[in-house]
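Written below as structure tokens is the structure these notes are about.
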Amino acid sequence: PLVMQFSSLSSVGKNADWLRELSKSLCGGDGGPTRLRVVYPSRAEICDSLEGWVAGCSLPCEDVNAENLRSAIREMSGGSNLATLCHWDGGPDGGARKAAVPHIKSYCRYGDDGRSLAFALLTSSNLSQAAWGVLEKGNSQLYVKSYELGVLLLPSLQPTRALAADGGAAAAPPAATVVPLPYSLP
């Protein structure tokens, strides 16, 4: 599954085409449909947060954009659970973070076992065509209106060999890349 978690929702287009293309791009363009999970707090979660309604000021989302996202998710899922809108839960341990409204933006793709990641991206990119870009001129040009910054973690690029004390190569100790996500995997 691919998880998109963000704190501001702008234009995702009037149908699922742009969201489908972004999902495909984030999944390496492998062509197959992927399960999409969109994590965004509900009105009730904002109201019950540590800051109450004031916290909602950091989560801009016009009604038309929310409806366009819900419509795109319905269109992508086609009656299945291929794409779903998920609640913010503050992570597997819950705690105080559950009541904190998220301003973080994170995207990841994880294995069916829920323990392996293809990638994790912590970024300033919210879910919008301005931040991720939109294809123009007959799909020959990508137009990005608002450049963002992020850190991409690729566990597959972790070193498998280490430098031994004598300068020779030695097998790296078995290790895992631990990526604490700010929500439970949907």
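The values are calculated or read from the model by the stated rules, or taken from the named source; none is laboratory data. All of these numbers come straight from a predicted model, not from anything done at the bench. Neighbour counts run over all protein chains shown; Cβ positions are idealised from the backbone, glycine included. Each accessible area value is taken on the protein alone, full model and side chains, heavy atoms only, with ligands, DNA and RNA left out. Shrake-Rupley method; radii C 1.70, N 1.55, O 1.52, S 1.80 Å.
Computed from the Cβ-Cβ distance with R0 of 22 Å, the FRET efficiency linking Ser58 to Tyr143 stands at 0.25. Here the sum of -39500 (n - 2.57) over DSSP H runs of 4 or more residues, divided by the residues of the chain, equals -5000 deg cm²/dmol at 222 nm, to the nearest 500.
For region 1-142, the solvent-accessible area with a 1.4 angstrom probe is 51 square angstrom per residue. Roll a 1.4 angstrom probe over the protein heavy atoms and tell me the percent of accessible area of the chain that is carbon or sulfur. Solvent-exposed carbon and sulfur of the chain make up 56 percent of the total.
Under a GNM of the chain (C-alpha, springs under 10 Å), which listed residue has the highest mean-square fluctuation: Val134, Val12, Val64? In this elastic network of the chain, the residue with the biggest mean-square fluctuation among Val134, Val12, Val64 is Val64. A run of the chain free of exposed loop cleavage sites, with trypsin sites (Lys or Arg not before Pro) counted only in DSSP states other than H, G, I, E and B and at most 16 other beta carbons within 10 Å, reaches its longest extent at 15-114.
Counting only alpha carbon atoms, the long axis of helix 63-77 and the longest principal axis of the chain meet at about 60°.
In the chain, taking the dipole from charged Cβ atoms about the Cα centre, the farthest positive-side position among Leu85, Trp132, Cys47 is held by Trp132. Excluding same-chain neighbours fewer than eight residues apart, the lysines reachable from Lys145 by a Cα-Cα span under 22 Å are Lys14, Lys24, Lys105, Lys137.
When only Cα pairs below 8 angstrom with a gap of at least 6 residues are kept, the chain shows a relative contact order of 25 percent. Counting only alpha carbon atoms, the long axis of helix 17-26 and the longest principal axis of the chain meet at about 10°.
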